[in-house]
1. Please work out the Kirkwood hydrodynamic radius for region 60-102, using every pair of different C-alpha atoms, and report it in angstroms with one decimal place.
2. Give the aspartates and glutamates whose C-alpha is closer than 20 Å to that of K187, dropping any in the same chain fewer than 8 places away, or say none.
3. Quick one: net charge around A146, please, counting Lys, Arg +1 and Asp, Glu -1 for every other residue with C-beta under 13 Å from its C-beta.
4. Take the cross-link list K7/K167; K14/K67; K67/K172; K47/K172 and give me the ones stretching past 30 Å between alpha-carbons.
5. For volume of the Cα convex hull per residue in Å³, the choices are [x] 113; [y] 202; [z] 146; which was calculated from the structure?
6. With every protein chain present, what accessible area does R13 have (1.4 Å probe, heavy atoms only), rounded to the nearest 10 Å²?
7. With viscosity set to 1.002 mPa s at 20 °C, what whole-number translational diffusion coefficient in µm²/s follows for region 66-158 from Stokes-Einstein and a Kirkwood radius over Cα pairs?
8. Report, by chain and number, residues whose modeled amide H sits under 5 Å from the one on L137, excluding near sequence neighbours (fewer than 5 apart, same chain).
Amino acid sequence: MEENRIKLIGAARKAFGRKGYAAASMDDLTADVGLTRGALYNIFGDKRGLLAAVVHQIDTEIAARAKQIGACAGDDWSGLLAEGAAYIEMSLDPEVQRIVLLDGPAVLGDPSRWPSQSNCLQVTQAKVEQLIAEGMLKPVDAEAAARLLSSMAFNAALWIAASDDPKGVLPKAIEVFQALATGLLAKPS
């Protein structure tokens, strides 16, 4: 069953990335990997469930890449900013744009309720709590700060994905994300 799950996610990722969710045929998806619609329904419930699995996989990969970039930034505050900027920058990837940023919210609803986004939020909140405890950030509500930082990055990525000029929008989005985030600093530099 796990092997079939992996096959279906891979096929769906290709199809959703190439054609979009609405145009991807479940029959084509399953035929491409030698399975039936019944296998898809058994594992994911429906096409929407398959999209949720694909979005989770891609979003988890994005978060891991952003975390790696943040870890190389020097200190925890710079790392947090670098992670947010990296997440925003990954919105230039056509697969991320189409599947996670355009089809994902349209089909799956509020991204803040996705498991992958909840995981990112928990990691961000822990980092914010740590930075508050160290006196780096103002003593604000850590959950609120984490939610707003996460939503700023996600919404910047949405803006880029929907833009007619994604590469032109990217530097503006990152600059303003960083400027707004620095408002949390206890002693802005």
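The values are calculated or read from the model by the stated rules, or taken from the named source; none is laboratory data. Please read these numbers as outputs of a predicted model, since none were measured by experiment. Neighbour counts are summed over all protein chains in view; Cβ atoms, including those assigned to glycine, are modelled from backbone coordinates with ideal geometry. Heavy atoms of the whole protein, side chains included, go into the accessibility calculation; ligands, DNA and RNA do not. Shrake-Rupley method; radii C 1.70, N 1.55, O 1.52, S 1.80 Å.
1. In region 60-102 this quantity evaluates to 10.4 Å.
2. D75, D76, E129, E134, D141, E175
3. Local net charge: -2.
4. In this structure, K7/K167; K47/K172 lie more than 30 Å apart at Cα.
5. Only one listed value fits the structure, namely [x].
6. Approximately 40 Å² for this residue.
7. 156
8. For L137, whose amide H was placed from the backbone, the distant partners under 5 Å are I132, A186.
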